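This report refers to the structure that appears directly beneath it.
The values are calculated or read from the model by the stated rules, or taken from the named source; none is laboratory data. Remember, predicted model here, so these are calculated numbers, not experimental data. Note that we place each Cβ from the backbone using ideal geometry, even for glycine, and neighbour counts take in every protein chain shown. All accessible areas refer to the heavy atoms of the entire protein, side chains included, with ligands and DNA or RNA removed. Shrake-Rupley method; radii C 1.70, N 1.55, O 1.52, S 1.80 Å.
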Amino acid sequence: MPSEFHPKMGRFTEYSVVGRKLPTEADATPKLYRMRIFAPNDVVAKSRFWYYLRQLKKVKKANGEIVALNIISEKKPLKVKNFAIWLRYDSRSGTHNMVKEFRALSRAEAVEAMYQDMAARHRARFRNVQILRVAEVEKKDDVRRPYIKQLLEPGLKFPLPHRRTKSKAWFAANRPSTWA
């Protein structure tokens, strides 16, 4: 399905790409490989699929074919969920593995936040980051990072400082107290 017909809010879409090596006389039914790829459109998703498959198996685009390309949509897009993302990235000094946690409405939004975070904190570009796994963290005890744990407290309240009262009069005798 072409990406121009798919309405989306975020920058990334989650694709399921299935591909294989072209059938030959020696191997009439080659093994199928499926990957979940986060990309802005289907062209980039297919390109990333071949990039990873070339690294993992002895298959490249010239002697392979894409069997299926599907968009994976979120089951509950209105529920805020905690996501853990396992990744590896190339920095200026070497390759590093990492686990990051995010709160988002969908897996694609969490991945988008991860790319922004990696660019800000580690100056890692899109091409330097490889997502190994994205999983929803169901239990509160499984959350590792304190910046996500603080949002899971029961009865969480956000103070509203500097409240301005609406006055009907044009002039007042004293200044309003906005730090109550």
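What to note about this one:
- Folded to 0 to 90 degrees: helix 42-56 orientation relative to the chain principal axis, Cα: 60 degrees
- A helix-only calculation puts the chain at -6000 deg cm²/dmol for mean residue ellipticity at 222 nm, using -39500 (n - 2.57) for each DSSP H run of at least four residues, averaged over all residues.
- Cross-link pairs exceeding 18 Å between alpha carbons, from the set LYS75/LYS149; LYS75/LYS140; LYS46/LYS81; LYS31/LYS61; LYS100/LYS149: LYS75/LYS149; LYS75/LYS140; LYS46/LYS81.
- Accessible area in square angstrom per residue, segment 107-161, 1.4 angstrom probe: 73 Å²
- Element breakdown for the chain at a 1.4 angstrom probe: carbon and sulfur atoms account for 53% of the accessible area.
- Simple Cβ-charge dipole of the chain, Lys/Arg +1 and Asp/Glu -1, about Cα centre, in debye nearest 20: 580 debye
- Degrees separating the helix 107-122 axis from the principal Cα axis of the chain, which is the longest one: 80 degrees
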